[in-house]
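A short worksheet on the structure shown next.
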Amino acid sequence: MYQMLALMGKWVAPLQRTNQFVVERAEQWAALRMDSLKAHVDLGVAQVKVALKVTDPHGLHEFTDSQFAVLSFVGHRMLDDGRLLAEWGADSYRQADRLARQNLLGLLFG
């Protein structure tokens, strides 16, 4: 009976580590995406507030001129978000590979 429990423990530990890893990575991904979403929503709300202040042709002209700066910001933010997501993915791959090796070695030689 003791051997059976020891064998089950040998198989459960890697599953626990893997599940914990998956949950941590999902939380990190959600935090990255929520940060990006918040930045875009905040920008959209700010743009609506600015647009509501337009009351004459001159104000409209200034508003449309400011949109080039906003578009530039959005473009840079999207590139930064893409870079962060790519780095997160590469880091996730490295950590998953390390965890898989650790689990396999533990099963084979542990």
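Considering only residues that are over 29 Å from the mean Cα position of the chain (by Cα) and not basic (Lys, Arg), which ones fall in the stretch 11-60? Break it down stepwise before answering.
Of the residues in the stretch 11-60, the ones over 29 Å from the mean Cα position of the chain (by Cα) are 11, 50-60.
The answer is Trp11, Val50, Ala51, Leu52, Val54, Thr55, Asp56, Pro57, His58, Gly59, Leu60.
Looking at the structure I just gave you, is Phe63 more than 27 Å from the chain's Cα centre (by Cα) and surrounded by fewer than 13 Cβ atoms within 10 Å (Cβ to Cβ)? So Phe63 does not fit the description; no.
Within the stretch 71-110, restricting attention to residues that are among the charged types (D, E, K, R) and in contact (Cβ under 8 Å) with a residue 12 or more places away in the chain, the residue that is nearest to Ala46 (Cα to Cα) is Arg77. The listed residues are Val41, Val54, and the only one of them that is touching a Leu at 6+ places or on another chain (Cβ under 8 Å) and more than 21 Å from Gln95 (Cβ to Cβ) turns out to be Val54.
A residue that is at pLDDT 90 or above, more than 28 Å from Val12 (Cβ to Cβ) and in a helix (DSSP H, G or I) can be found somewhere in the stretch 89-98.
The values are calculated or read from the model by the stated rules, or taken from the named source; none is laboratory data. As the structure is a prediction and not an experimental result, all values here were calculated from the model. Reconstructed Cβ throughout: ideal geometry from the backbone, glycine too, with neighbour counts over all protein chains shown.
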